[in-house]
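Asker: What follows is a structure written as structure tokens; I'll ask about it next.
Just so you know, all these numbers are worked out from the coordinates, no wet-lab data involved. Only a predicted model underlies this, so the values are computations on that prediction, with no experimental measurement involved. Every residue, glycine as well, gets a Cβ built from its backbone with ideal geometry; the counts of neighbours run over all protein chains shown.
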Amino acid sequence: MSNFDRIFDLVACHEGGFTDNAADPGNWTGGAIGAGLCRGTKFGISAAAYPELDIAGITLDAAKEIYRRDYWDRIEGDRLPPALALLAFDAAINNGNGRAVRWLQQAAGVEQDGVIGPQTLAMIDQIAARPDGIAALSAEFLAQRLAFMATLPTWRVFGLGWARRLCRLPYQALAIAS
């Protein structure tokens, strides 16, 4: 099983099945509560990101194709250490590719341009080669993500669930790495 397949299975369990909670801006085709139609989210594929897609009818296989093309490939998931790939992939889906990449770049101490290129990958490789390198990168990445998410206006509604998700990720990353 490839890293993508293993990591997809973990992320898909976080995202779950169909929901059309009107308090979630991602469930609206306009990306804001009350904007457009509340068409929901399924397997993490949201009406806000894919307003023309039949969200309720999407299959797990179709979601997996979208995840590979629009998230995994954009974060260079095949090139990252597996534990870090999980964290970046989960953040890309939940918070956007640009933010996930910038958090990764911030953790690695390189320019935050939102694109994973040779400099970012080289620095990640250099840090990952250290005895505690993956742990240091992962902790900084998750700290940046948590700090961002706690400022979102929807934190009061969804924050406990997001916090559980973020707290589970390091354990899942350890399992993938071993």
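Asker: Given points 7 Å out from each Cα along the Cα-Cβ axis, report the residue 35 to residue 126 separation in nanometres with one decimal.
Answerer: 4.0
Asker: Pairing the Cα long axis of helix 3-15 with the longest principal axis of the chain, what angle in degrees results, from 0 to 90 and rounded to the nearest 10?
Answerer: 40
Asker: Percent of alpha carbon pairs in the stretch 1-59 separated by more than 13 Å?
Answerer: 56
Asker: Using the crude model of +1 on Lys and Arg Cβ and -1 on Asp and Glu Cβ, and no other charge, please compute the dipole size for the stretch 1-59 relative to its Cα centre, in debye to 20.
Answerer: The dipole magnitude comes to about 40 debye.
Asker: Over the stretch 33-90, what is the relative contact order in whole percent, taking alpha-carbon pairs under 8 Å and six or more residues apart?
Answerer: 21
Asker: Under 14 Å from the Cβ of residue 69, count the other residues' Cβ atoms, weight Lys and Arg +1, Asp and Glu -1, and hand me the total.
Answerer: -3
Asker: While we're looking at this one, here's another question. Relative contact order for the stretch 1-59 using alpha-carbon pairs under 8 Å, separation at least 6, rounded to a whole percent? Mind dumping the intermediate values first?
Answerer: Working: 103 pairs, mean separation 16.2, N = 59.
Answer for the stretch 1-59 is 28 percent.
Asker: Sort 162-172, 45-55, 88-98 by packing, meaning the average of other beta carbons within 10 Å per residue, with the highest value first.
Answerer: In decreasing order of mean packing, 162-172, 45-55, 88-98 become 88-98, 45-55, 162-172.
Asker: With r defined as the distance between the Cβ atoms of residue 115 and residue 78 and R0 fixed at 22 Å, what FRET efficiency is calculated, to the nearest 0.05?
Answerer: 0.85
Asker: While we're here: Going through the stretch 1-76, which chymotrypsin sites (Phe, Trp or Tyr not before Pro) have at most 16 other Cβ atoms within 10 Å and a DSSP loop state?
Answerer: 18
Asker: So for the pair residue 154, residue 18, with labels modelled 7 Å out along Cα→Cβ, what separation do we get in nm?
Answerer: 1.9
Asker: Defining a contact as two alpha carbons under 8 Å apart and six or more residues distant in sequence, what relative contact order in percent does the stretch 71-178 show?
Answerer: Relative contact order, the stretch 71-178: 28 percent.
Asker: Mind checking which of 157, 75, 109 is farthest towards the positive end of the stretch 74-178's charge dipole, using Cβ charges of +1 (Lys, Arg) and -1 (Asp, Glu) about the Cα centre?
Answerer: Value: 157.
Asker: Relative to the first principal axis of the alpha-carbon coordinates of the chain, what is the inclination of helix 118-128, with its axis defined by its Cα atoms, in degrees from 0 to 90 and to the nearest 10?
Answerer: Helix 118-128 sits at roughly 70 degrees to that axis.
Asker: For helix 82-95, report the angle its Cα long axis makes with the longest principal axis of the Cα atoms of the chain; keep it between 0 and 90° and round to the nearest 10°.
Answerer: The two axes meet at around 30 degrees.
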